[in-house]
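Following: one structure in C-alpha cells, then a few remarks.
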Amino acid sequence: MFSDFQCSFCREATNYLEANVLRMYAREVRFVYRQLPLRGHDWASTAARVGVCVNLQKSESFWKYHQFVFENQARLTLASFSDEVTKFVSSLPDVNSAQLYSCLGSASSDIPLLEDRNLASALGVEATPVFFVNGKRVVGFARPEELKDAIETAVRQTADVSLNK
C-alpha cells in the first residue's frame with residue numbers, strides 16, 4: 001500500500017484492511033506499507049519521517065504510531081503536529097527519544113522515503129492510496145469491495161497453486 005498520513009482515504013483504507021482483511025487472512029496476506037507523502041499535505045512529510053525513525057527502533061511501535069496519526073488525523077495541524085506526536089511517541093516504551101531526534105536530524109530518515117518515492121515513480125503511482133495485490137494494481141478506495149475481491153482472488157489462486165503441487 002502506498003499511503004500518506006494526511007490522506008483521509010488512506011485512513012479509511014487502513015481501517016478497512018485491519019477490520020476486514022488482515023485479521024481474516026493473517027497467514028495468507030503480507031501487508032507492506034510504503035510512504036508517499038503528497039505535495040499539498042503540510043504535515044505528511046514530517047509524519048512520514050517520524051514514522052521511519054520510529055520504525056528503525058521498533059516496528060511494533062511504528063504500527064502504534066501509524067494508528068495514532070490516523071486516529072487523530074482530523075484534528076492534527078501543522079502547528080499542533082510536533083507537540084501531539086512528541087507527547088505520543090514519548091509514551092512508547094520501545095522508542096528512545098534521543099535516538100528519535102538524532103534520526104530526524106540526519107539523512108537516515110530520508111533514505112527509506114526516497115526509496116518509496118522512487119518505487120512509486122517506477123510503478124506510476126502519483127496519488128494515494130494505491131495497492132498492489134500480487135502485482136494487480138488497485139487505485140483509490142472508492143469501492144472497498146474491489147480491494148477485498150482482489151485480495152480474496154489472490155488468496156484463492158495461491159491456495160489453488162499450493163493444492164496442485
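Only the coordinates and a few stated rules stand behind these numbers; no lab work does. Computed from a prediction, not measured in an experiment: that's the story for all the values here. Here the Cβ positions follow ideal geometry from the backbone for every residue, glycine too, while neighbour counts run over all protein chains shown.
Please report, in debye to the nearest 20, how large the charge dipole of the chain is about its Cα centre when each Lys and Arg carries +1 at its beta carbon and each Asp and Glu carries -1 there.
Working: 18 positive and 19 negative charges, 54 e Å.
So the magnitude is around 260 debye.
For the chain, modelled as a Gaussian network with Cα springs under 10 Å, which listed residue fluctuates most, Arg117, Arg11, Arg39?
Comparing Arg117, Arg11, Arg39 in the GNM, the peak value goes to Arg39.
Please work out the Cα convex hull volume for the range 4-99 and give it in Å³ per residue.
Details: hull volume 9.8 nm³, N = 96.
Hull volume over Cα atoms, normalised by residue count, gives 102 Å³.
What is the sum of charges, Lys and Arg at +1 and Asp and Glu at -1, for the other residues whose Cβ falls under 12 Å from the Cβ of Gln35? All intermediate terms of the calculation are to be shown ahead of the outcome.
Values: positive: Arg34, Arg49, Arg117; negative: Asp4, Asp110, Glu115, Asp116.
Net charge in that neighbourhood comes out at -1.
At q = 0.18 Å⁻¹, what base-10 log of I(q)/I(0) does the Debye formula yield for the range 104-165 when every alpha carbon is treated as an equal point scatterer in vacuo?
Listed by q, the Debye log ratios stand at -0.78.
For Cα pairs less than 8 Å apart in space and 6+ apart in sequence, what is the mean separation divided by the residue count of the range 2-163, i.e. the relative contact order in percent? Walk me through the intermediate numbers first.
On the way: 151 pairs, mean separation 50.4, N = 162.
About 31 percent, as a whole number.
Based solely on its DSSP helices, what 222 nm [θ] is calculated for the chain when runs of n ≥ 4 H residues each add -39,500 (n - 2.57) and the sum is averaged over all residues, nearest 500 deg cm²/dmol?
-17500 deg cm²/dmol
How large are Rg and Dmax for the chain when calculated on the C-alpha trace, in angstrom?
Looking at the chain, its Cα Rg and Dmax stand at 16.8, 57 Å.
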